[in-house]
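Structure in structure tokens, see below.
The values are calculated or read from the model by the stated rules, or taken from the named source; none is laboratory data. Keep in mind that what you see is a predicted model, and the values were worked out from it rather than measured. Glycine also receives a Cβ, built like all others from the backbone with ideal geometry; neighbour counts cover every protein chain displayed. Areas reflect the complete protein model, heavy atoms only, side chains present, ligands, DNA and RNA absent. Shrake-Rupley method; radii C 1.70, N 1.55, O 1.52, S 1.80 Å.
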Amino acid sequence: MWKVVKEGRLGNLETPPSVRKLQTALHAKAKAESEYRFYLLYDKVYRADILSFAYARCKANGGAAGVELRDKTYRPQAVRRVYIPKPNSKKMRPLGIATIRDRVVQTAAMLVLEPIFEADLQPEQYAYRSGKNALDAVEAVNRLINFGHTAVIDADLRGYFDEIPHGPLMKSVARRITDRQILHLIKVWIEAPVEETDDRGRKYRTTRNRDQHRGIPQGSPISPLLSNLYMRVNYADDLVICCKGTADLAMQTMREVIKKLQLEVNEDKTRICRVPEESFDFLGYTFGRCYSCKTGKAYLNSTPSKKSIKRICDAIRAETGRHTRTLSAEKLVKQLNFKLTGWANYSSPTSTSTRP
């Protein structure tokens, strides 16, 4: 059954009954008939309840987009390029931020498409899915290494979002969707120009995705769904494969699959790790040998990684710098508690699985 959950990042926002009914029906049809292709979906995207909920999720006014969708005059605007620092790295991660208007439309499309493709996703795929999260992936890896899958391929994909080829991606979508208007929407979104600002503050546009026929804008509402659809064994651009002594063969197979998908393995960040002699990092945790505080006994588990600890320390340092001296103690404590509580909920050892 299609699961509808409240999303923490959206407060207590809950899916309206009419939207939930549509999603449940679409998911049930997709689950029951694995070869069925949906040919009438476009009119669902501009339904008033779908757009209203999309509007609420984006916290913006997107009413005008509904008329444009209905009249088929809607055209997306350029994606704004922003750069954020990668954790513990001097490199910057590019994000493509769609306008509020386009985010509302993409969210509306995602509300209709997500339950269909959810029926086809693998159970070990945890990223960007309703009812699943990174901690579920962490616990799954813990279970595997504790049941003897201690030869681990720690892999990373080079520029995954930027390198997804459009042709194969659209074929993946078309396996389930034949509605030409929906396919057209997805195509124009992934080909949208990118607007950047140079050192002098002048804006200019590039069309790299359209020219090279690859890449989806990381940061747009529809991109997580498309990334899950194209490759189904990863968590965004990271993946681990836990093996029982067959890591060399699995590594070879993984490389062949990645090549077939027209993607590239990041060789600098990909290796075979033998646990417990070695450890590896995944989703903010370090997996390997741990020791019980009570007995000193060794066991296999995960703990917050050094990078994760450094990030929260840097965040606390930023929140308590000299620029915060004018804040009241009450407000400063509230801000710190918000950050620390969020980090603890994710990184607390009690949230992971097996331990003596």
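Run Y160 past the list (1) out of contact with any Asp or Glu (no Cβ under 8 Å at 6 or more places or on another chain); (2) within 26 Å of D268 (Cα to Cα); (3) aromatic (F, W, Y) and report the number of the one that doesn't hold.
(1)
When the residues of segment 76-126 are narrowed to those that are among the small types (G, A, S) and in a loop (DSSP other than H, G, I, E, B), which ends up surrounded by the most Cβ atoms within 10 Å (Cβ to Cβ)?
For segment 76-126, the residue satisfying everything is A98.
Applying the selection to segment 170-188, what residues are in contact with a strand residue (DSSP E or B) (Cβ under 7 Å, 6 or more places away or on another chain), open to solvent by less than 30 Å² (accessible area, probe 1.4 Å) and of a type in the set (A, V, I, L, M, F, W, C)?
Passing the criteria: only I177.
Here is a further query. Name every residue in segment 190-206 that is under 21 Å from Y230 (Cβ atoms), assigned to a loop (DSSP other than H, G, I, E, B) and touching a strand residue (DSSP E or B) at 6+ places or on another chain (Cβ under 8 Å), in order of residue number.
Result: A192, single match.
Cβ-Cβ under 8 Å, sequence separation 6+ or interchain: first residue in segment 304-331 and under 23 Å from S347 (Cβ atoms), partner of a type in the set (F, W, Y) and open to solvent by less than 60 Å² (accessible area, probe 1.4 Å). Which pairs?
Short answer, once both residue conditions are applied: P304/Y285; S305/Y285; S308/Y285.
As an exercise: evaluate L10 against (1) in contact with a helix residue (DSSP H, G or I) (Cβ under 8 Å, 6 or more places away or on another chain); (2) hydrophobic (A, V, I, L, M, F, W, C); (3) surrounded by fewer than 17 Cβ atoms within 10 Å (Cβ to Cβ); (4) modelled with pLDDT of 90 or more and give the number of the one condition it does not meet.
Of (1) in contact with a helix residue (DSSP H, G or I) (Cβ under 8 Å, 6 or more places away or on another chain); (2) hydrophobic (A, V, I, L, M, F, W, C); (3) surrounded by fewer than 17 Cβ atoms within 10 Å (Cβ to Cβ); (4) modelled with pLDDT of 90 or more, only one is false for L10: (4).
Of the conditions (1) closer than 17 Å to F280 by Cα; (2) surrounded by 14 or more Cβ atoms within 10 Å (Cβ to Cβ); (3) touching a His at 6+ places or on another chain (Cβ under 8 Å), K244 fails just one. Which one is it?
Condition (2) is where K244 drops out.
Now for a separate question. Name the pairs: first residue in segment 40-58 and small (G, A, S), second residue open to solvent by less than 20 Å² (accessible area, probe 1.4 Å), Cβ to Cβ under 7 Å, at least 6 apart or on different chains?
Once the first residue is small (G, A, S) and sits in segment 40-58, its partners that are open to solvent by less than 20 Å² (accessible area, probe 1.4 Å) give A54/G62; A54/V104; A54/T107; A54/A108; A54/L111.
Kindly indicate which of D211, D179, D156 is within 18 Å of the chain's Cα centre (by Cα) and of a type in the set (D, E).
That would be D156, the only listed residue that is within 18 Å of the chain's Cα centre (by Cα) and of a type in the set (D, E).
Moving on to the next point. Among the residues of segment 214-235, which ones are under 24 Å from E124 (Cα atoms), open to solvent by 40 Å² or more (accessible area, probe 1.4 Å) and over 10 Å from the mean Cα position of the chain (by Cα)?
Hits for segment 214-235 are R232, V233.
Can you tell me which residue among S279, S308 is among the polar types (S, T, N, Q) and over 24 Å from G159 (Cα atoms)?
S279
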